[in-house]
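Note sheet for the following structure.
The values are calculated or read from the model by the stated rules, or taken from the named source; none is laboratory data. Small disclaimer: the values here were computed from a predicted structure and weren't measured. As a convention, Cβ positions derive from the backbone with ideal geometry for all residues, glycine included, and neighbour counts pool all protein chains shown. With ligands, DNA and RNA removed, areas are computed over all heavy atoms of the protein, side chains included. Shrake-Rupley method; radii C 1.70, N 1.55, O 1.52, S 1.80 Å.
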Amino acid sequence: MALTVKECLELQLLEVEMLLSMFPKRGEFSLDADAVPSIQRYLRNADGALPPQLEYRIALDVGEAKVKVELQVLLPHMYPQVAPQLFARSDALHRQQQLQLNTLLASHISSLDSGDLCVCEAVQWVKDNSLTFLENSKGSSECASKEVRVKEMLHRMWIYSHHIYRQELRKKIFDSAKKLNLTGFCLTGKPGVICVEGLQENCEEFWRVIRYPNWKHISCKHVENIETEGSIDNLRLFHSFEDLQFQAHGDYGLRNDYHMDLGQFLEFLKQHQSGHIFQILFGVEGKLSDN
């Protein structure tokens, strides 16, 4: 029997209560402070706008060594009528192993009965099945340590958006960059531009996190890969993740619909050896602002 959005959200809150009882320790279950209250407000007045999709993280200790594996959960409004978006990650896993683990997890979840709550089932599956990948990863690391020094790759992504205003979105961008050890910047306003640089798997994880659930007007315009036998930190163009804001053109008061001074932005890019990126982002050659 088909469920309504309201019934689905009620079931999601029941599952959250269940998970909180299973993971009561600090840091085990991470959820935005306003996530549950916003759903509860909607349930009291279903005529309003839908609340943000429920998103949380569960930290799992796997095996005797208690290796940390994190299960990231994003629930569509119609879950459990439709499948959740799940992603398991661990610093102890290589990118390919992480991909294989998540492919198997998705296959297992799709085999379950539609309409049933399944995050608890996913938690148990990750606990039971990630150990094999972790053991293989340990063996691979031991072999690699006996070989010659492995080259590292710096990955740099240039991301363009029609605009970036919302505080909730900006918080997600900065929190994700910090968590994934990425440097770069976020240019707030219209247009919006993001640059992240770091390990490839971390950049790709950042891209996956920020563009969901439904950021439509965003695209990755350019990617740079630079190989080194030393530390990738020596190749970074940015020393932190900067909050970039320039004076807007015109006097728009409190309106959000304003354009950034792209001349100042071009100057910033040139200061960071990236002036060529301007044409890639905007399709035109840049000219510096008049001083």
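Residues in region 132-164 that are open to solvent by 50 Å² or more (accessible area, probe 1.4 Å) and at pLDDT 80 or above: THR132, GLU152, MET153, TYR160, HIS162, HIS163. Set side by side, the residues VAL62, VAL36 differ, and just one is open to solvent by less than 60 Å² (accessible area, probe 1.4 Å) and in contact with a Lys or Arg (Cβ under 7 Å, 6 or more places away or on another chain), which is VAL62. Taking the criterion of being without any contact (Cβ under 8 Å) to a residue 40 or more places away in the chain, open to solvent by 40 Å² or more (accessible area, probe 1.4 Å) and in a helix (DSSP H, G or I), the residues of region 175-192 that qualify are ASP175, LYS179.
Scanning region 23-40 for residues that are touching a residue at least 24 places away in the same chain (Cβ under 8 Å), under 16 Å from LEU60 (Cβ atoms) and outside any strand (DSSP E or B) yields PHE23, GLY27, GLU28. Inspect region 113-120 for any residue being polar (S, T, N, Q) and open to solvent by less than 70 Å² (accessible area, probe 1.4 Å) and give the result as yes or no. Checked region 113-120: no residue is polar (S, T, N, Q) and open to solvent by less than 70 Å² (accessible area, probe 1.4 Å).
Quick grid of which residues meet (1) β-branched (Val, Ile, Thr); (2) over 18 Å from LEU180 (Cβ atoms); (3) touching a residue at least 40 places away in the same chain (Cβ under 8 Å); (4) not in a strand (DSSP E or B):
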site	(1), (2), (3), (4)
ILE194	yes, no, no, no
CYS203	no, no, yes, yes
ARG208	no, no, yes, yes
TRP215	no, no, yes, yes
SER219	no, yes, yes, no
VAL223	yes, no, yes, no
GLU227	no, yes, yes, no
ASP233	no, no, no, yes
LEU237	no, no, yes, yes
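Of all the numbered requirements in (1) hydrophobic (A, V, I, L, M, F, W, C); (2) open to solvent by 30 Å² or more (accessible area, probe 1.4 Å); (3) within 14 Å of PHE133 (Cα to Cα), LEU50 misses one, and that requirement is (3).
For ILE226, the criteria (1) modelled with pLDDT of 90 or more; (2) hydrophobic (A, V, I, L, M, F, W, C); (3) within 30 Å of PRO84 (Cα to Cα) hold in every case but one, which is (3).
With ARG89, ARG95 as the choices, which residue is basic (Lys, Arg), in contact (Cβ under 8 Å) with a residue 40 or more places away in the chain and surrounded by 16 or more Cβ atoms within 10 Å (Cβ to Cβ)? Reasoning before the result, please.
Details: ARG95 fails: surrounded by 16 or more Cβ atoms within 10 Å (Cβ to Cβ).
Criteria check complete, one pass: ARG89.
Suppose the filter is open to solvent by 70 Å² or more (accessible area, probe 1.4 Å), of a type outside the set (A, V, I, L, M, F, W, C), under 23 Å from HIS222 (Cα atoms) and modelled with pLDDT of 90 or more; does LYS172 pass it? No.
Within region 1-28, the set of residues being among the hydrophobic types (A, V, I, L, M, F, W, C) and under 18 Å from MET78 (Cα atoms) comprises MET1, ALA2, LEU3, VAL5, CYS8, LEU9, LEU11, LEU13, LEU14, VAL16.
Return the only residue of LEU11, LEU20, LEU43, LEU3 being over 25 Å from ASN202 (Cβ atoms) and part of a loop (DSSP other than H, G, I, E, B). Working first, answer last.
Values: LEU11 fails: part of a loop (DSSP other than H, G, I, E, B); LEU20 fails: part of a loop (DSSP other than H, G, I, E, B); LEU43 fails: part of a loop (DSSP other than H, G, I, E, B).
After applying the criteria, what remains is LEU3.
Scan region 62-81 for residues that are part of a strand (DSSP E or B) and modelled with pLDDT of 90 or more and jot them down. LYS68, VAL69, GLU70, LEU71, GLN72, VAL73, LEU74, LEU75, listed by residue number.
Tell me which residues, restricted to region 181-218, are under 24 Å from PRO76 (Cβ atoms) and in contact with a helix residue (DSSP H, G or I) (Cβ under 9 Å, 6 or more places away or on another chain).
If the condition is that a residue be under 24 Å from PRO76 (Cβ atoms) and in contact with a helix residue (DSSP H, G or I) (Cβ under 9 Å, 6 or more places away or on another chain), then GLU204, GLU205, PHE206, VAL209, ILE210, TRP215, ILE218 are the ones that fit.
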